[in-house]
1. Would you mind finding the one in D233, D192, D187, D172 that is more than 19 Å from I15 (Cβ to Cβ), at pLDDT 95 or above and acidic (D, E)?
2. For the subset of segment 131-188 comprising residues that are touching a Ser or Thr at 6+ places or on another chain (Cβ under 9 Å) and of a type in the set (V, I, T), which member is surrounded by the most Cβ atoms within 10 Å (Cβ to Cβ)?
3. Within segment 20-58, how many residues turn out to be under 29 Å from E314 (Cβ atoms), among the basic types (K, R) and crowded, with 17+ Cβ neighbours inside 10 Å?
4. Within segment 59-91, can you find the residues that are touching a residue at least 60 places away in the same chain (Cβ under 8 Å), buried (at least 19 other Cβ atoms within 10 Å of the Cβ) and not β-branched (V, I, T)?
5. For K158, indicate whether it is out of contact with any Lys or Arg (no Cβ under 9 Å at 6 or more places or on another chain), assigned to a loop (DSSP other than H, G, I, E, B) and of a type in the set (D, E, K, R).
6. Quick one: is G253 buried (at least 19 other Cβ atoms within 10 Å of the Cβ), closer than 18 Å to G88 by Cα and not aromatic (F, W, Y)?
7. It is to be established whether one or more residues within segment 145-154 are in contact with a helix residue (DSSP H, G or I) (Cβ under 7 Å, 6 or more places away or on another chain), farther than 24 Å from V5 by Cβ, assigned by TED's automatic domain parsing to the domain that holds F271 and in a helix (DSSP H, G or I).
8. If you check every pair at least six apart or on different chains, which have Cβ atoms under 7 Å apart with a residue in segment 275-286 that is within 11 Å of A302 (Cβ to Cβ) and outside the structural domain of G88 (by TED's automatic domain parsing) first and a residue that is hydroxyl-bearing (S, T, Y) and at pLDDT 95 or above second?
Amino acid sequence: MIEVVTPSRLHITLIDLSGSLGRIDGSVGLALDFPSVKIKAREDAQLSVSGSTTFEKRIKRAASAIMTQHEVGGVAIEVVDEYPAHVGLGSGTQVALAVGSAISELYGLRLTPTAIARLTGRGGTSGIGVAAYARGGFIIDGGHKGKTQFLPSSASGKYEPPPILARHDFPDWTIVLAVPDLHGASDECEIDIFRQQCPLPLTEVQELCHVLLMEMLPAVVEQDIESFGHSIDRVQTLGFKRRELELQPFCAGLVQFMRENGALGAGMSSFGPAVYGITESKGLQAAVQRYLYDTIGGEVHAVRARNSGAYVREVSSG
């Protein structure tokens, strides 16, 4: 029996939705140690899924894509741990890659995470989820050359995962992660947002690139938490991230609340509703929990970055 335990990920921002240089997308993100997806898989005569109602269809779709391509037998998949879809933490990619890795191990296919992503249609907009699964850490990808439409990952399955430009271990800083009882944009709604908002002004893309290259990335390398927090705050005011926050007013308010209660920098992951704060304060988690309890509800956790990829291992079936 094969067991797979994945990271989750923060999607800090998309970089270039102007396309002025012939590339679009590009992403910055970070692997997290919590929450995670955990599955167990064994060879079987057919394909079956137990333990999940959220991801049953996605799991079957991913497994079928790999089994059909490589002409292998069935698999029984048990979902042990999962986290919600459409909250901004990348569960769809982690589930697809976990399923692909399990089948690859069971049948000796030797598939890389990138190969699994191609087969399952992941990584067509952002490469953060695939890279987080493969290696963890802080990640910047270079977007797509030749992609002519501005589309979310859910509608970009025909595109290859983008090249990874930088990957660094992330410092052992506390990240307060809040997931309000809301849903982020998905499916046709998400596609419509890209169509309505893009292309973005080149001046915003240029300013964002300046922040990423000359403040955020050096702050990770030099373990400068104040500069990193400041760069996260600036990112919320630029490019596609600014538009995403404008469409999630509760999350925008929560970002501001975090800043006022001990976060050195705070932002929204992907389309939300997940919001995160980088902090040295021991009181931020409790303050955010009270805020959610008094307003809309949700969960709050103190987490850290994960500087390694998914765990894929053989375990006893007992």
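1. D172
2. Top of the filtered list is I139.
3. 3
4. Selection gives Y83, H86, G88, L89, G90, S91.
5. yes
6. Spelling it out, it is not the case that G253 is buried (at least 19 other Cβ atoms within 10 Å of the Cβ), closer than 18 Å to G88 by Cα and not aromatic (F, W, Y).
7. no
8. Correct list of pairs: Y276/S269; T279/T174.
The values are calculated or read from the model by the stated rules, or taken from the named source; none is laboratory data. Computed from a predicted model, the values in this text were never measured in an experiment. For neighbour counting, all protein chains shown are included, and Cβ atoms are generated from backbone atoms with ideal geometry for every residue, glycine included.
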